[in-house]
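Novice: Take this structure first; my questions come after.
Where a number appears in this text, it was derived from the coordinates with a stated rule and is not lab data. Everything numeric here is computed off the predicted structure, so don't read it as measured data. Methodologically, a virtual Cβ is constructed for each residue, glycine included, from the backbone with ideal geometry; neighbour enumeration extends over all protein chains shown.
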Amino acid sequence: MRVNLTVNGRPQQADDVWEGESLLYVLRERLGLPGSKNACEQGECGSCTVRLDGVPVCACLVAAGQAEGREVVTVEGLATGGDGTELSLVQQAFTDAGAVQCGFCTPGLLVAADELVRRNPDPSDADIREALSGNLCRCTGYEMILDAVRLAAARAGEAG
Amino acid sequence: MEFLRPGSWEEALAAKAEHPAAVPIAGGTDVMVEINFDRRRPEYLLDLNRIGDLYEWETVGDEVRLGASVPYTRIMEELRAELPGLALAAHTVGSPQIRNRAGVGGNLGAASPAGDSHPPLLAAGARVEAASVRGTRLIPAEEFYTGVKRNALAPDELIRAVRIARADGPQQFSKVGTRNAMVIAVCAFSLALHPRTRTVRTGIGSAAPTPVRARAAEDFLAAALDEGGCWETGRPLPPSAARRFAELAAGACNPIDDVRGTARYRRHAVAVMARRTLGWTWDAYRGGERGARCA
């Protein structure tokens with residue numbers, strides 16, 4: 001089947017989509033957007049987190065056909081500037097705080113953290129832990145990631 | 001595989017009548033796992049995402065009619081006062097990403113004994129609104145679960161909503177797992193006090209082939225509260241009554257040993273959760289609710 005959707009602000013069309021296919025597969029294999037990672041395929045790890053009509057979801061658990069006509073934002077859509085070369089607030093904070101080691105969980109964490117900071121400009125540590133509780137990282141021990149989100153939130157506050 | 005995409009509830013019922021083997025998919029948090037892991041290859045997927053009615057809740061008299069697909073995130077945020085037990089359970093489901101997609105309809109459809117919404121639905125006395133082209137019927141929660149991952153739905157039926165009495169007293173939910181997020185319950189317990197009818201109801205998850213009520217425990221506690229005049233006086237419960245309630249709750253379990261825990265541990269944990277939730281709810285009744293009413 002054919003699926004039409006908007007990804008990072010651009011209308012996209014995927015053809016020959018199998019009916020049991022996930023949105024994650026469509027993004028990675030059909031639309032050439034491999035930023036969202038494929039790991040557990042059961043919603044446990046959060047590495048495929050994208051925003052579907054604004055809401056963070058695991059792309060591996062959304063059937064491709066359910067994304068018809070919807071708006072998807074992936075990690076590729078976070079960077080700003082005309083050609084997407086300027087890191088977003090959260091991306092810059094992750095690099096500054098050393099929140100990236102192997103990097104596999106990073107895209108999902110960036111999408112989840114970006115949504116948190118937009119929704120709650122002054123998150124408590126409990127808010128941060130809750131917002132990131134669906135994203136697993138096996139390298140960092142999370143401390144640097146928490147630092148990065150605090151940093152992003154503080155910078156967002158300064159920027160007003 | 002065919003992807004059916006009804007645009008209205010009537011179309012969905014017609015599609016289910018025409019293709020009874022069609023697997024409904026809403027949040028996808030169960031169904032997609034089975035497809036991703038090649039455990040299931042349904043001939044038809046019946047997408048319910050386009051049916052706005054399923055994403056709404058309304059209050060009808062003393063009842064909340066909760067659309068089958070209202071995500072847990074919204075249950076937590078919007079229904080904490082009306083459905084406190086379910087809202088607490090909703091907060092323990094998966095992760096934010098899962099709670100943004102998953103709802104009570106999927107929990108009921110999957111009918112896993114470990115589903116987090118089952119204990120509070122049992123404790124609140126919920127009824128499942130099952131619909132087909134033949135009409136609508138209301139199935140009490142305790143009659144809905146018929147076996148491990150089996151429910152009382154006919155092949156042509158879909159879950160439209162769940163009707164749950166608005167809380168008339170304190171409700172609690174407790175769940176055992178290895179961490180706070182992303183946990184399938186080792187076991188779970190929910191307790192609802194119903195001061196209006198001077199009854200109590202319980203729900204036990206993941207400690208029997210289906211979610212169950214601990215009826216002997218409920219009857220014992222209701223009698224103990226009545227005899228002691230506790231509903232009127234709000235006096236503290238004697239520890240012996242709490243202990244007996246806990247024993248009877250454990251006695252209602254019929255657990256197995258599996259990767260998440262042993263049967264023995266589950267019985268023990270259910271007793272502990274029964275005693276704790278009784279303490280929390282009774283304290284709330286004595287303090288907040290009765291106090292507010294007296295003042």
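Novice: Rg(Cα) of the range B:171-294 divided by 2.2 N^0.38 Å?
Specialist: Numbers: Rg = 14.8 Å, N = 124, 2.2 N^0.38 = 13.7 Å.
So the range B:171-294 has a normalised radius of gyration of 1.08.
Novice: Based on other C-beta atoms within 10 Å, arrange A:Arg70, B:Arg150 from fewest to most. Walk me through the numbers before you get to the answer.
Specialist: Details: A:Arg70 18, B:Arg150 12.
Ranking A:Arg70, B:Arg150 by Cβ neighbours within 10 Å, fewest first, gives B:Arg150, A:Arg70.
Novice: Inside 10 Å of the C-beta atoms of A:11-23, what's the mean count of C-beta atoms belonging to other chains? Write out the running numbers ahead of the final one.
Specialist: On the way: counts 0, 0, 0, 0, 0, 0, 1, 3, 10, 13, 5, 4, 2.
Shielding by partners across A:11-23 averages 3.
Novice: Let me know the volume per residue of the alpha-carbon convex hull for the range A:89-159, in Å³.
Specialist: On the way: hull volume 4.9 nm³, N = 71.
Taking the convex hull of the Cα positions in the range A:89-159, it is 70 Å³ per residue.
Novice: In vacuo Debye scattering of the range B:76-151, one point per C-alpha: log10 I(q)/I(0) at q = 0.12 Å⁻¹?
Specialist: Treating every Cα as an identical point scatterer, log10 I(q)/I(0) equals -0.34.
Novice: Looking only at B:Pro239, B:Pro71, B:Pro140, which one moves most when chain B is put into a Gaussian network model with springs between Cα atoms under 10 Å?
Specialist: Maximum among the listed residues: B:Pro239.
Novice: Gap in Å between the Cα centre of the range B:28-52 and the Cα centre of the range B:174-215?
Specialist: Centre-to-centre (Cα) distance: 27 Å.
Novice: List the DSSP H helices in chain B whose Cα atoms stretch 24 Å or more along the helix axis and whose mean Kyte-Doolittle hydropathy is at least -1.0. Write out the running numbers ahead of the final one.
Specialist: Values: long enough: B:263-284 (31 Å, -0.50).
Answer set is B:263-284.
Novice: Could you pull out every one of the lysines with an alpha carbon less than 28 Å from that of B:Lys175, ignoring same-chain neighbours closer than 8 positions?
Specialist: B:Lys149
Novice: While we're on this one: Starting from the Kirkwood Rh over alpha-carbon pairs, what translational D in µm² s⁻¹ does the range A:3-77 have by Stokes-Einstein at 20 °C and 1.002 mPa s?
Specialist: Working: Rh = 11.8 Å.
After rounding, the answer is 182 µm²/s.
Novice: I need the shape label for the range B:33-134. Rule: rounded when a/c is under 1.5, else prolate if a/b > b/c, else oblate, with a, b, c from the alpha carbon gyration tensor.
Specialist: Values: a/c = 1.72, a/b = 1.35, b/c = 1.27.
Since a/c reaches 1.5 and a/b is larger than b/c, the shape of the range B:33-134 is classed as prolate.
Novice: Then there is this: Could you work out, residue by residue across B:89-97, how many beta carbons of other chains sit within 10 Å of that residue's beta carbon, and then give the average as an integer?
Specialist: Values: counts 0, 0, 1, 0, 0, 6, 15, 14, 19.
Taking the mean over all residues of the peptide, I get 6.
Novice: What number, in percent, do you get for the relative contact order of chain A if the mean sequence gap of Cα pairs under 8 Å and at least 6 apart is divided by its residue count? Before the final figure, lay out the partial values.
Specialist: Working: 285 pairs, mean separation 36.4, N = 160.
The value is 23 percent.
Novice: Excluding the sites themselves, what is the longest stretch of chain B that contains no GluC sites (Glu not before Pro) in a DSSP loop with at most 14 other C-beta atoms within 10 Å?
Specialist: Values: sites that count: B:Glu43, B:Glu56.
Here the longest segment lacking exposed loop sites spans B:57-295.
Novice: Right, here's the next one. Find out how many positive minus negative residues lie around B:Arg266, taking Lys and Arg as positive, Asp and Glu as negative, among other residues whose Cβ is under 14 Å from that of B:Arg266.
Specialist: Neighbour charge sum, excluding B:Arg266 itself: +2.
Novice: Follow-up. How crowded by other chains is B:26-37, given as the mean number of beta carbons from other chains within 10 Å of each beta carbon?
Specialist: On the way: counts 1, 5, 10, 6, 3, 3, 14, 8, 2, 8, 12, 2.
Across the residues of B:26-37, the mean count of other-chain Cβ atoms within 10 Å is 6.
Novice: Continuing with the same structure: With each run of n ≥ 4 DSSP H residues scored as -39500 (n - 2.57), what mean residue ellipticity at 222 nm is computed for chain A after dividing by its residue count and rounding to the nearest 500 deg cm²/dmol? Can you show the working numbers first?
Specialist: On the way: 4 runs with 47 residues, N = 160.
Value at 222 nm, helices only, nearest 500: -9000 deg cm²/dmol.
Novice: Once you order the gyration tensor axes a ≥ b ≥ c over the Cα atoms, which shape class does the range B:1-51 get: rounded for a/c under 1.5, otherwise prolate or oblate by comparing a/b with b/c? Working shown, then result.
Specialist: Working: a/c = 2.80, a/b = 1.59, b/c = 1.76.
The shape class here is oblate.
Novice: Right, something else. Which residue fluctuates the most in chain A, going by a Gaussian network model with Cα springs under 10 Å, if the choices are A:Asn135, A:Asn120, A:Asn38?
Specialist: Of A:Asn135, A:Asn120, A:Asn38, the Gaussian network model singles out A:Asn120 as fluctuating most.
Novice: Between the range B:248-282 and the range B:66-99, how many Å separate their Cα centres?
Specialist: 23
Novice: Arrange A:Leu61, A:Leu87 by Cβ neighbour counts within 10 Å, fewest through most, would you?
Specialist: On the way: A:Leu61 29, A:Leu87 17.
Lowest to highest Cβ neighbour count: A:Leu87, A:Leu61.
Novice: If you rank A:Cys60, A:Cys102 by fewest surrounding Cβ atoms within 10 Å, what's the result?
Specialist: Working: A:Cys60 29, A:Cys102 10.
Ordered by Cβ neighbours within 10 Å, fewest first: A:Cys102, A:Cys60.
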